[in-house]
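Right, one structure below, let's go through it.
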Amino acid sequence: MGRRKLVAGNWKMNGMKSHLAEIEAIGRIAAERPGVEVGIFLPATLIMAAAEGKGGAFIGAQDCHMNVNGAHTGCLSADMLAEAGAEYVIVGHSERREDQGESNADVAAKALAARTAGLKVILCVGESLDVRDAGNAEAVVCEQLLASLPEGAAADWLAIAYEPIWAIGTGRIPTMDAVASMHAALRAALASRIGAQESDAMRILYGGSMNGDNAAELMAIPDVDGGLVGGASLTAAKFGPVIAAAG
Ligand code: PEP
């Protein structure tokens, strides 16, 4: 297997120029942990400046358009983000699926556009609390994954993030057994589409209220290959322990 852990901070709609020093501090922590791949997914307005002081971290974007250019007011293409200094992009975050009504097909198209622009991708999937309570979270999330998976999905440019929607920003997380079971189910679903070898190489991150207190236990689960971290990634003081927990 030998999957290198990936720890990704999702800053969402947070971050001004005054936070560049914090980003540099995270970059210095990342430089001390070469065994872990560390990324900071920033508002697009900060990407260019942050890329200059990123240290051992990479800079990512939080979304891209599926088209290369055109009449899409307010949107950014993957090429634009790559030119600004992004190396990765998140697609299919539940906040975009909900707020912008993005479909699985949109998510797959965005992932392909990113790939074409030379960006790597973190593709998010996850269930609502209703689905979890109804007892069919694994079936629903695996179906969502397969419907969102782009053509040519491969471990050298694509990682998956399992993010139970009810765990995002709430301080609640699933049991360790539930995380282990979901990640194993997702890996099996991937294998059914892209083959066992590629599936074994692809990283599946956990996201949803991960922090310095729970990261080590979550990332010790065999199929958990890192984390997508929101609130606990906004300062070096909080993100540092999560990075350290990954190795
Ligand atoms: C996220 O939004 O991807 C996320 C995991 O947020 P938080 O860590 O704040 O739950």
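The values are calculated or read from the model by the stated rules, or taken from the named source; none is laboratory data. Keep in mind that what you see is a predicted model, and the values were worked out from it rather than measured. FYI the Cβ positions are ideal-geometry reconstructions off the backbone, even for glycines, and counts take in every protein chain you see. Side chains are part of the model used for accessible areas, which takes the heavy atoms of the whole protein and leaves out ligands, DNA and RNA. Shrake-Rupley method; radii C 1.70, N 1.55, O 1.52, S 1.80 Å.
Enumerate the calculated ³J(HN,Hα) couplings along segment 86-96 in order (Karplus 6.51 cos²θ - 1.76 cosθ + 1.60, θ = phi - 60°), each rounded to whole Hz, writing x wherever the residue is Gly or Pro.
6, 10, 10, 9, 8, 10, x, 4, 4, 5, 7
Tell me, what ³J(HN,Hα) does each residue in segment 217-231 have, in order and in whole Hz, if you take phi through Karplus 6.51 cos²θ - 1.76 cosθ + 1.60 with θ = phi - 60° and put x for Gly and Pro?
5, 5, 7, 7, 5, x, 8, 9, 10, x, x, 10, 10, x, x
Residues of segment 21-56 with the amide nitrogen closer than 14 Å to a label point 7 Å from the Cα of M13, along Cα-to-Cβ, please.
Zone members listed by number: 43-45.
Would you rank T170, T116 by solvent-accessible area, highest first, keeping every protein chain in place and using a 1.4 Å probe? Let's see the in-between values first.
On the way: T170 75, T116 120 Å².
From most exposed to least exposed: T116, T170.
What is the sum of charges around H93, taking Lys and Arg as +1, Asp and Glu as -1, for the other residues whose C-beta is under 15 Å from the C-beta of H93? Don't jump to the answer; show the numbers that get you there.
Working: positive: K12, R96, R97, K110; negative: D63, E95, E98, D99, E102, D106, E127, E163.
Its environment carries a net charge of -4.
With a sphere of radius 14 Å drawn around the Cβ of A50, what net charge do the other residues whose Cβ falls strictly inside it have (Lys, Arg +1; Asp, Glu -1)?
Values: positive: K17, R28, K54; negative: E22, E24, E52, E87.
Value of the local net charge: -1.
Quick check for you: with a 1.4 Å probe and neighbouring chains kept, what is the accessible area per residue of segment 1-42, in Å²? Mind dumping the intermediate values first?
Values: 2160 Å² over 42 residues.
In whole numbers, segment 1-42 has 52 Å² accessible per residue.
Any chance you could get the radius of gyration and Dmax over the Cα atoms of segment 106-247, in Å?
Rg then Dmax for segment 106-247, in Å: 14.7, 40.
If you project the alpha carbons of the chain onto their three principal axes, what span does each projection cover, largest first, in Å?
The principal-axis extents, from largest down, are 44, 43, 33 Å.
If eta is 0.692 mPa s and T is 37 °C, what Stokes-Einstein diffusion coefficient results for segment 14-136, Kirkwood Rh from Cα pairs, in µm²/s? Kindly include the intermediate steps, with their values, before the conclusion.
Numbers: Rh = 15.4 Å.
The estimated diffusion coefficient comes to 213 µm²/s.
Give the calculated FRET efficiency between S103 and A244 to the nearest 0.05, with a Förster radius of 35 Å applied to their Cβ-Cβ distance.
Working: r = 38 Å, r/R0 = 1.08.
So, using R0 = 35 Å, E works out to roughly 0.40.
Which stretch or stretches of segment 200-218 have amide N atoms under 12 Å from the point lying 7 Å from T170's Cα along the Cα→Cβ direction?
208-209
Can you compute 3J(HN,Hα) from phi for each residue in segment 44-50, using the Karplus curve 6.51 cos²θ - 1.76 cosθ + 1.60 with θ = phi - 60°, rounded to whole Hz and x for Gly and Pro?
Working through the residues one at a time gives 4, 4, 9, 4, 4, 5, 5 Hz.
Taking the dipole about the Cα centre of the chain, with the C-beta of Lys and Arg at +1 and of Asp and Glu at -1, give me whichever of C142, G15, A153 is farthest to the positive side.
Comparing the listed Cα positions along the dipole, G15 ranks first.
When all alpha-carbon pairs of segment 44-115 are counted, what percent fall beyond 13 Å?
On the way: 1641 of 2556 pairs.
Beyond 13 Å sits 64 percent of the P(r) for segment 44-115.
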